[in-house]
Amino acid sequence: MGLTLLLFVRHGDIISMDVDIKFCKSAFIHGYTEADIRLAIDNAIYDGYLEGDEDAENKRLLVGFDRNGNPMEIYYNILDKDTVRVFHAMEYRNIHNKLLENL
């Protein structure tokens, strides 16, 4: 079941504020809850295409914070202008620091 959250998704010229979020089971394998993921999305500090991946055109990385204020990585796909699918959530890794330098 999806959730409707306040989130900007840019896909071409499409910008939608009410996005239905679907969760794959794989999004929870590192112990994060749906509440952690929702909070990270709500307070994202980075949202961009995943670089260095063959299918990067449809994979995005979002960096936000969980309920304890710890940074985390959220990986998702844009399914259509109103729907995204979160397929992975994990603890933030320093390999993404270059992405955050210009914020």
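Candidates in segment 70-86 are the residues that are more than 11 Å from the chain's Cα centre (by Cα) and closer than 17 Å to His30 by Cβ; of these, the one that is surrounded by the most Cβ atoms within 10 Å (Cβ to Cβ) is Pro71. Scanning segment 33-51 for residues that are in contact with a helix residue (DSSP H, G or I) (Cβ under 6 Å, 6 or more places away or on another chain) and among the aliphatic types (A, V, I, L, M) returns a single hit, Leu50. Scan segment 71-86 for residues that are part of a strand (DSSP E or B) and either among the acidic types (Asp, Glu) or within 12 Å of Glu34 (Cα to Cα) (or both) and the total you get is 4. Candidates Ala27, Ala89, Ala44: the one that is surrounded by 14 or more Cβ atoms within 10 Å (Cβ to Cβ) and in contact with a Gly (Cβ under 6 Å, 6 or more places away or on another chain) is Ala44. Among the residues of segment 56-69, those that are hydrophobic (A, V, I, L, M, F, W, C) and either surrounded by 18 or more Cβ atoms within 10 Å (Cβ to Cβ) or touching a Lys or Arg at 6+ places or on another chain (Cβ under 6 Å) (or both) comprise Leu61, Leu62, Val63.
Listed here are the residues, each with its yes/no results for (1) among the polar types (S, T, N, Q); (2) modelled with pLDDT of 90 or more.
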position: Glu54; (1), (2): no, no
position: Leu62; (1), (2): no, yes
position: Asp66; (1), (2): no, yes
position: Asp80; (1), (2): no, no
position: Glu91; (1), (2): no, yes
position: Asn97; (1), (2): yes, no
position: Glu101; (1), (2): no, no
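The values are calculated or read from the model by the stated rules, or taken from the named source; none is laboratory data. Just so we're clear, the structure is a prediction, and the values are computed from it rather than from any experiment. Ideal geometry is used to build each Cβ from the backbone, glycine not excepted, and the neighbour counts take in all protein chains shown.
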